[in-house]
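To keep things clear, I will list the structure first and then write my remarks on it.
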Amino acid sequence: MIDIEASLKSTFPDKVYAKSEFRDNQRIDVPVSDLIMVLTYLKNQLKFDMLAELCGIDYLQYPSARDRYGVNYVLSSTETNQRIIIRTKTNDPDPVVPSVVPLWEGANWLEREVFDMFGIRFEGHPDLRRILLPPEFVSYPLRKDYPLRGKGERHNFHQLTRAES
Amino acid sequence: MPLTLANPNAQIETGEAVSDQEYLYTLNFGPQHPATHTTLRLILTLDGEVIVKAVPDIGYLHSGFEKLGEDLDFNQYVTVVDRMNYISPIANEIAWHHTVEKLMGIEITPRCKYIRTIIAELARMSDHLLCVGASALDLGGITGFLYAFNEREKIYNIFETMSGQRFHPSFSRVGGLMMDVNDSWIEQIRKFAHHDFPKAHADVTRLLNRNKIFVDRTKGIGVLSREEAINRSATGPIARASGVQRDLRIDEPYLAYADLDFEMVCAEGGDCYSRYLVRMEELKESCKIIQQAVENIPFGPINVDLESKQVIPDKSATYRSIEGLIQHFELFMWNRRWTPPIEELYAATEAPNGELGFYVVSNGNGHAYRARTRPPSFIHFSLFPMLIEGHQISDVPAVLGSLNIIAAELDR
């Protein structure tokens, strides 16, 4: 088992990252500005070679949340079988997080999905388009202010008539 | 709506600009195509028969499962989770409740662990049999498909005996299972694991393993190297076929896997044939797990203690005791239900297709604040353009079949 906290502290002595633990999950909160630096270090030095999961969360209305959007990177190591979750936060009006596609090719579609569902832009992503929803869709459905029920974009979609087709 | 490429003016790998290659043509493969099995679309740029570029277009089955997960409670959502990978629904249920129980800190009973292990392995067998059979079918081997599907029918019968539902059993609950199993179910599994399945497995092996057409069409096709597999987050049989030694059942043991004797199956080729071989061997290992587990199911309750206030009481407790009735109310009233810690957690299980994880955020209510799924099919389908480039159009069904893409899980 690698002591991630200690090695981060010794490599970046002037940075303080909040570390928390819940059940067997170890989490480190990293600001967006340091994200790529920390992830590169984890990948290259500490052998967290696989990005198991990347997901977005909208913390609007969440108890005692200060930032609106969260992006989580669940890294696993195929050598030590250790996992670490790196959490970063971003905010309106223009939520931006640097893309990790240069580090892990597997992040490509995962980031596109987060963009599709939350509208979080990934700077440096090679192909940031909607992935699950049609390109003419305008809002971001997994945001908490998007209604669960009721009339939405689907009703505004252009319908092909017989004459047009 | 025409699909736009990332950069239409970009140079395609051959080195010449697109405009100079007027002989390249575009083929629309899907969304309704018999060889894709599910609803997914590929836009293939072809140079004669050779695929120069493949652009997947997905989302045809997107139905907002994750948004529903924020509205339905932890038990209700199981019916939706069921429909993600509908080839092995019970594996998704177990993964979901594994995460929820971890969030709430529930330790399920030994009997429940063993029964869940057995049904998870049955689901794995069902999934692998479909994948092996259907990929053989796409390559012209219809007999192998029939042998495999014959066994899947028996697995469905086992699920029906257990829960009353064949396809989507919705059998697991927070802290336990819907109901206990009986002896005839165990007898059915014994017959399946000791008698029916090994015979069918030998038949499929004899039909396909040295079948010239099958081997020629799968060997060396869609090669995924070990480095690429790790870098592109591949998991499960696809990663193991590329030599990645990673199986969550062994690396992060959950349920009863730590007590059972089985091997991790790996191969080195990384091509379609290796993926086929890994799945065939995993079928044998799953059968071994079931044979052991079914003889060792511990006695005892199926659900955690009612005192924990987390589990739905059974019918006799609900109707004949005041504690049971109150507990039933507590879990079903809209303003009551569970009170999990205000926390977030990622937990993963080894589903048939790979690592199936859930990232659950809880705000202390009876339903998740965010129920993110890490779908293995989604990640494996993103490998597809890389695997198919340079191969012929007839290799598309071989590669698709070996990746075992389930569109409902892909799009959610």
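Summary table below
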| read-out | value |
| --- | --- |
| When residues of the stretch A:114-132 are limited to those that are open to solvent by 20 Å² or more (accessible area, probe 1.4 Å) and assigned to a loop (DSSP other than H, G, I, E, B), the one nearest to B:ALA407 (Cα to Cα) | A:ARG130 |
| Boolean, A:ILE120 is hydrophobic (A, V, I, L, M, F, W, C), within 12 Å of chain B (Cβ to nearest Cβ) and over 24 Å from B:ARG41 (Cβ atoms) | no |
| Options B:GLU252, B:GLU285: the member that is within 14 Å of chain A (Cβ to nearest Cβ) and either farther than 26 Å from A:LYS43 by Cβ or buried (at least 18 other Cβ atoms within 10 Å of the Cβ) (or both) | B:GLU252 |
| Any hit, the stretch A:88-106, residues being in contact with a helix residue (DSSP H, G or I) (Cβ under 8 Å, 6 or more places away or on another chain), farther than 23 Å from A:GLY119 by Cα and open to solvent by less than 10 Å² (accessible area, probe 1.4 Å) | no |
| Failed item in (1) within 14 Å of chain B (Cβ to nearest Cβ); (2) farther than 13 Å from A:GLU5 by Cα; (3) touching a helix residue (DSSP H, G or I) at 6+ places or on another chain (Cβ under 9 Å); (4) in contact (Cβ under 8 Å) with a residue 24 or more places away in the chain, with A:LYS43 passing the rest | (3) |
| Residue tally, condition assigned to a strand (DSSP E or B) and away from chain A (no Cβ under 11 Å), over the stretch B:347-357 | 3 |
| Residue count for the stretch A:58-74, restricted to those that are open to solvent by less than 10 Å² (accessible area, probe 1.4 Å) and more than 8 Å from chain B (Cβ to nearest Cβ) | 4 |
| B:ARG41 being among the charged types (D, E, K, R) and at pLDDT 90 or above | no |
| Residue within the stretch A:142-161 that is open to solvent by less than 30 Å² (accessible area, probe 1.4 Å), hydrophobic (A, V, I, L, M, F, W, C) and in a helix (DSSP H, G or I) present | no |
| Residue within the stretch B:391-405 that is surrounded by fewer than 22 Cβ atoms within 10 Å (Cβ to Cβ) and part of a loop (DSSP other than H, G, I, E, B) present | yes |
| Looking only at the stretch A:131-145, and only at residues there that are more than 8 Å from chain B (Cβ to nearest Cβ) and of a type outside the set (Gly, Ala, Ser), the one that is nearest to A:VAL71 (Cα to Cα) | A:ARG143 |
| Lone unmet requirement of (1) buried (at least 21 other Cβ atoms within 10 Å of the Cβ); (2) touching a helix residue (DSSP H, G or I) at 6+ places or on another chain (Cβ under 6 Å); (3) farther than 21 Å from B:PRO198 by Cβ; (4) free of Cβ contacts under 8 Å to residues at least 60 places away in the same chain for B:TYR257 | (4) |
| Checking A:PHE122 against (1) in contact with a Leu (Cβ under 9 Å, 6 or more places away or on another chain); (2) aromatic (Phe, Trp, Tyr); (3) under 28 Å from B:VAL244 (Cα atoms), the condition it does not meet | (3) |
| Hey, B:THR339 within 14 Å of chain A (Cβ to nearest Cβ), open to solvent by 40 Å² or more (accessible area, probe 1.4 Å) and of a type in the set (S, T, N, Q) or not | yes |
| Residues located in the stretch B:296-310, provided they are outside any helix (DSSP H, G or I) and either of a type outside the set (Asp, Glu) or under 19 Å from the mean Cα position of the chain (by Cα) (or both) | B:ASN296, B:ILE297, B:PRO298, B:PHE299, B:GLY300, B:PRO301, B:ILE302, B:ASN303, B:VAL304, B:LYS309, B:GLN310 |
| Test for A:ARG149: is it touching a Pro at 6+ places or on another chain (Cβ under 8 Å) and at pLDDT below 90 | no |
| Number of the condition not met by A:VAL101 [criteria: (1) closer than 17 Å to B:GLU70 by Cβ; (2) in a loop (DSSP other than H, G, I, E, B); (3) at pLDDT 90 or above] | (1) |
| Residues (assigned to a helix (DSSP H, G or I), open to solvent by 50 Å² or more (accessible area, probe 1.4 Å) and without any contact (Cβ under 8 Å) to a residue 40 or more places away in the chain) located in the stretch B:170-218 | B:ASP183, B:SER184, B:GLU187, B:GLN188, B:LYS191, B:HIS195, B:LYS199, B:ARG206, B:LYS212, B:ASP216 |
| Of the criteria (1) within 22 Å of B:THR38 (Cα to Cα); (2) open to solvent by 10 Å² or more (accessible area, probe 1.4 Å), which one B:PRO376 fails | (2) |
| Flag for A:ALA107 being within 11 Å of the chain's Cα centre (by Cα) and aliphatic (A, V, I, L, M) | yes |
| Search result, residues across the stretch A:7-21 that are surrounded by 14 or more Cβ atoms within 10 Å (Cβ to Cβ) and either among the aliphatic types (A, V, I, L, M) or under 13 Å from A:TYR41 (Cβ atoms) (or both) | A:SER7, A:LEU8, A:LYS9, A:PHE12, A:TYR17 |
| From the options B:GLY366, B:GLY401, residue that is over 20 Å from B:ILE87 (Cβ atoms), modelled with pLDDT under 90 and away from chain A (no Cβ under 14 Å) | B:GLY366 |
| Output for the stretch A:83-106, where each listed residue is of a type outside the set (A, V, I, L, M) and more than 10 Å from every other protein chain (Cβ to nearest Cβ) | A:THR88, A:LYS89, A:THR90, A:ASN91, A:ASP92, A:PRO93, A:ASP94, A:PRO95, A:PRO98, A:SER99, A:PRO102 |
| Hits in the stretch B:233-247 - residues which are within 9 Å of chain A (Cβ to nearest Cβ) and surrounded by fewer than 24 Cβ atoms within 10 Å (Cβ to Cβ) | B:VAL244, B:GLN245 |
| Residues satisfying the stated conditions in the stretch B:260-269, i.e. surrounded by fewer than 18 Cβ atoms within 10 Å (Cβ to Cβ) and in contact with an Asp or Glu (Cβ under 8 Å, 6 or more places away or on another chain) | B:GLU263, B:MET264 |
| Filter pass, B:VAL360 being open to solvent by less than 10 Å² (accessible area, probe 1.4 Å), farther than 21 Å from B:GLY140 by Cβ and either more than 10 Å from every other protein chain (Cβ to nearest Cβ) or not in a helix (DSSP H, G or I) (or both) | yes |
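The values are calculated or read from the model by the stated rules, or taken from the named source; none is laboratory data. Predicted, not measured: the structure shown is a model, and the values here were computed from it. For neighbour counting, all protein chains shown are included, and Cβ atoms are generated from backbone atoms with ideal geometry for every residue, glycine included. Heads up: the accessible areas ignore ligands, DNA and RNA and are worked out on the full protein's heavy atoms, side chains in. Shrake-Rupley method; radii C 1.70, N 1.55, O 1.52, S 1.80 Å.
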